[in-house]
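A quick write-up on the structure given underneath.
The values are calculated or read from the model by the stated rules, or taken from the named source; none is laboratory data. Predicted model only: the values in this text are computed from it and were never measured. Cβ placement follows ideal geometry from the backbone for every residue including glycine, while neighbour counts extend to all protein chains displayed.
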Amino acid sequence: MKLLYFAWLRERVGKGEEVVEPPAGVTTVADLMTWLAGRGEEYAFAFENPNIIRAAINRAHVKASAPVAGAKEVAFFPPMTGG
Amino acid sequence: MPVTIRLQSADFDAAAEAALLTRGRTDVGAVVTFTGICRSSEAGAPVVAMTLEHYPGMAEAEIARHVEEAETRWPLLGVTVVHRHGRLLPGDNIVLVVTAAAHRGDAFAAAEFLMDYLKTRAPFWKREERPDGTIWVDAKSTDAAAADRWANRPQAAE
């Protein structure tokens, strides 16, 4: 699946997007964040407080409990500050 | 209903966008135009400039979902949303919402609804340049509260 990072998450991870193949045990968005946090210092820093991170699957907002099965594009970002 | 949604780095002309919604028609009795503008200070701290990052593809889709939602709540005759991205200076336009309806109550309510949701649900992030460095703007609880109140109010008062 394709992952996208925005705002300070992008800066902390050090890239805006990447393609990953999470292991079988990763079934929800929350699982995905936990798995990502274990991929290195920059990821641990980016995902140190998963409760404040928002996610979207295939360009629609989802909760952390949402399943990631079949997701083509998963995005992580801070709370939005547009308008 | 004519709907225009644009994300762009270029400036917009609020009056021209509003005129486009009423041109050649006689059923529109009310047009509300809201323009959000970059301020030179935030909570007392000077702002040199701000940069708006967005999620291309999702931003358009999310705004379109809220315009559709607005259309189910109020009898609207047209909506235009323009949101800028990139680096903006104090005084620059940021966002435009124009709503057209037969009556002002519907146009006012729909414009406020759209702005409240744009601030909390549309994937945009502001980074401010201050004299002592740059910071990502924190989401405000007051903005979240403003959006939440629509969840329990299906429509504007009759």
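A few comments on the model shown:
- Flag if A:V26 is crowded, with 18+ Cβ neighbours inside 10 Å, assigned to a strand (DSSP E or B), touching a helix residue (DSSP H, G or I) at 6+ places or on another chain (Cβ under 7 Å) and at pLDDT 95 or above: no
- Options B:R121, B:R84, B:R130; residue that is of a type in the set (K, R), touching a strand residue (DSSP E or B) at 6+ places or on another chain (Cβ under 8 Å), closer than 19 Å to A:F6 by Cβ and surrounded by fewer than 22 Cβ atoms within 10 Å (Cβ to Cβ): B:R121
- Any hit, segment A:1-13, residues being touching a helix residue (DSSP H, G or I) at 6+ places or on another chain (Cβ under 7 Å) and farther than 19 Å from B:R121 by Cα: yes
- The lone criterion from (1) facing chain A (nearest Cβ under 10 Å); (2) more than 26 Å from B:A145 (Cβ to Cβ); (3) among the hydrophobic types (A, V, I, L, M, F, W, C) left unmet by B:V3 is number (1).
- B:L114 touching a Ser or Thr at 6+ places or on another chain (Cβ under 9 Å), closer than 22 Å to B:A16 by Cα and not polar (S, T, N, Q): yes
- Filter result (over 12 Å from B:A100 (Cα atoms) and either touching a strand residue (DSSP E or B) at 6+ places or on another chain (Cβ under 9 Å) or assigned to a helix (DSSP H, G or I) (or both)) within segment B:14-27: B:A14, B:A15, B:A16
- Restricting segment B:16-67 to residues that are of a type in the set (D, E) and more than 30 Å from A:L3 (Cβ to Cβ) leaves a set whose member that is surrounded by the most Cβ atoms within 10 Å (Cβ to Cβ) is B:E17.
- Residues that are in contact (Cβ under 8 Å) with a residue 40 or more places away in the chain, closer than 30 Å to B:A111 by Cβ and under 12 Å from the mean Cα position of the chain (by Cα) do occur in segment A:56-75.
- All positions within segment B:42-63 that are free of Cβ contacts under 8 Å to residues at least 12 places away in the same chain and more than 10 Å from chain A (Cβ to nearest Cβ): B:A43, B:G44
- Long-range neighbours under 9 Å by Cβ, at least six apart or interchain, first residue at the interface with another protein chain (Cβ under 9 Å from one of its Cβ atoms) within segment B:102-123, second in a loop (DSSP other than H, G, I, E, B) and β-branched (V, I, T): B:K119/A:T81; B:T120/A:T81
- Scanning segment B:88-128 for residues that are outside any helix (DSSP H, G or I), in contact with a Leu (Cβ under 7 Å, 6 or more places away or on another chain) and closer than 18 Å to B:T4 by Cα gives B:I94, B:V95, B:V97, B:V98, B:T99, B:A100, B:A101.
- Residue among B:A64, B:A70, B:A15, B:A45 that is closer than 29 Å to B:P131 by Cα and among the small types (G, A, S): B:A45
- Taking the conditions (1) free of Cβ contacts under 8 Å to residues at least 60 places away in the same chain; (2) within 30 Å of B:R39 (Cα to Cα); (3) assigned to a strand (DSSP E or B) in turn, A:E18 satisfies each one other than (2).
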